[in-house]
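Taking it in order: structure first as structure tokens, then the write-up.
Every read-out reported here was derived from the displayed coordinates using simple, explicitly stated rules and does not represent laboratory data. Just so it is clear, the structure is predicted and the values come from calculations on it, not from any experiment. So basically every Cβ, Gly included, is an ideal-geometry build from the backbone, and we count neighbours across all protein chains shown.
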Amino acid sequence: MFTRKYTQFAATGLLVLALVGCAPAATPTVAPTAMPEPTAIPATPVPAFDVEAAVAAQLAGLPDGFNGIKGDALKEQIAAAAPFMIDLREPKEIAEVGYIEGAVNIPIRTLAQNLDKLPGLDQPIVVICASGHRGTIAIATLNMLGYTNVKSLSGGMNAWVKAEFPVVKGEMPAPVAGTAAAVDAEALAAVDAYLSALPDGFGTIKPDALNEQIAAAAPFILDVREMKEVTEGGMIEGAINIPIREVGARLAELPAMDAPIVVVCGSGHRSGMVMTGLQMLGYTNVKSMSGGMGAWVAAELPVVK
């Protein structure tokens with residue numbers, strides 16, 4: 001009897017062991033693994049407006065004629081297909097002298113703030129002022145903003161009136177607002193800051209005043225004409241010749257940024273553009289000689305060959 005109960009007990013034990021052996025193994029607890037942080041992709045840096053490169057490109061790319069247009073050529077162009085004409089003078093000047101029919105008034109200091117009044121970047125534009133000097137400032141700055149077809153009336157309204165071309169008196173029509181051309185925001189800010197701060201006189205010096213300055217303490221005189229012009233017409237004693245298209249690449253030959261510099265050319269057209277470029281680069285004491293070597297010679301001031 002004992003044997004029988006023992007046998008039953010043993011069988012039951014084996015059955016339990018068998019069932020335990022067939023049970024699935026317990027899954028071990030695994031601590032959750034932290035997900036890796038996503039790798040940050042660095043933002044592509046947006047290049048800042050490179051003033052030095054912009055000035056060098058603007059001057060180096062000037063065509064023959066340096067974007068000037070004479071009064072008779074503009075008169076013919078108006079009769080055929082009038083370009084967009086911007087009068088850069090102050091309203092008081094316009095009221096006293098009159099204006100060219102079809103032109104709109106945007107004073108030079110507000111030019112960058114009114115790009116919505118201008119046509120497209122590649123459309124023909126003629127800028128007009130009193131003598132042509134502000135026109136050269138407008139050419140240089142608009143070129144830097146991407147406008148590719150800008151000319152300045154040579155001699156300005158003074159030359160236009162002297163030639164007895166038609167002038168309209170009275171209030172000029174207001175420019176029509178539209179959509180401004182897409183230009184580099186940093187370039188626009190730099191140009192606007194420059195134009196807004198233009199001083200009275202717009203950075204010019206007359207030949208007689210320069211002659212007096214030379215006698216007292218000669219400034220650095222930068223002659224930006226071509227070598228052929230210098231050879232044929234002579235130059236102001238002590239001047240250094242760097243043709244306008246080379247100025248941007250030869251800045252190392254100029255004096256310190258706070259040194260007095262006077263830029264000279266044939267008529268004052270090229271010197272105005274160089275003055276503008278140098279001032280935008282941070283040169284703080286740069287002037288353009290009004291009327292260029294033509295005015296210097298007409299005043300019978302000394303020339304060296």
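Amide H to amide H, with H built 1.01 Å from N, ASN105 comes under 5 Å of ASP87, counting only residues 5 or more places away or on other chains. Amide H to amide H, with H built 1.01 Å from N, ASP223 comes under 5 Å of ILE240, ASN241, ILE242, VAL264, counting only residues 5 or more places away or on other chains. Karplus-based coupling profile of the range 228-238, in residue order and whole Hz: 4, 5, 5, 5, 6, x, x, 8, 6, 4, x, with θ = phi - 60° in 6.51 cos²θ - 1.76 cosθ + 1.60 and x standing for Gly or Pro.
The 3J(HN,Hα) values that the Karplus relation (6.51, -1.76, 1.60; θ = phi - 60°) gives for the range 48-59 are, in residue order, 6, 4, 8, 4, 4, 5, 5, 5, 4, 5, 5, 6 Hz. Gly and Pro appear as x.
Any chance you could run the full-extension gain for ASP122 through ALA180? It's 0.36 nm times the residue separation minus the Cα-Cα distance, nm to one decimal. Before the final figure, lay out the partial values.
On the way: separation 58, 0.36 × 58 = 20.88 nm, distance 1.30 nm.
The span from ASP122 to ALA180 would gain 19.6 nm if fully extended.
Applying the Karplus relation 6.51 cos²θ - 1.76 cosθ + 1.60 with θ = phi - 60° to the range 251-260 yields 3J(HN,Hα) values of 4, 5, 8, 8, x, 4, 5, 9, 6, x Hz, where x marks Gly and Pro.
Our estimate of slack between VAL168 and ALA193, defined as 0.36 nm per intervening residue step minus the Cα-Cα distance, is 5.8 nm.
Cross-link partners of LYS305 among lysines, defined as those whose alpha carbon lies under 23 angstrom from its own and excluding same-chain residues fewer than eight positions apart: LYS206, LYS228. Straight Cα distances below 25 angstrom link LYS169 to the lysines LYS70, LYS75, LYS92, LYS117, LYS151, with same-chain residues fewer than 8 positions distant left out.
Fewest-first ordering of ARG270, ARG89 by other beta carbons within 10 Å of each residue's beta carbon gives ARG89, ARG270. Dividing the Cα radius of gyration of the range 204-298 by its Kirkwood radius returns 0.92 for Rg/Rh. Calculate, in whole percent, how much of the Cα-Cα pair population of the range 51-196 lies beyond 29 Å. When all Cα pairs of the range 51-196 are counted, 11 percent exceed 29 Å.
Packing, taken as the mean count of other beta carbons within 10 Å per residue, orders the peptides 243-255, 96-108, 177-189, 135-147 from highest to lowest as 135-147, 96-108, 243-255, 177-189.
Taking 0.36 nm per residue of separation and subtracting the Cα-Cα distance, what length does fully extending ASP50 through ALA217 add?
Details: separation 167, 0.36 × 167 = 60.12 nm, distance 3.38 nm.
Between ASP50 and ALA217, full extension yields 56.7 nm more.
Taking amide H as placed 1.01 Å from N in the peptide plane, LYS287 has its amide H under 5 Å from the amide H of ILE261, VAL262, VAL263, each at least 5 places away in sequence or on another chain.
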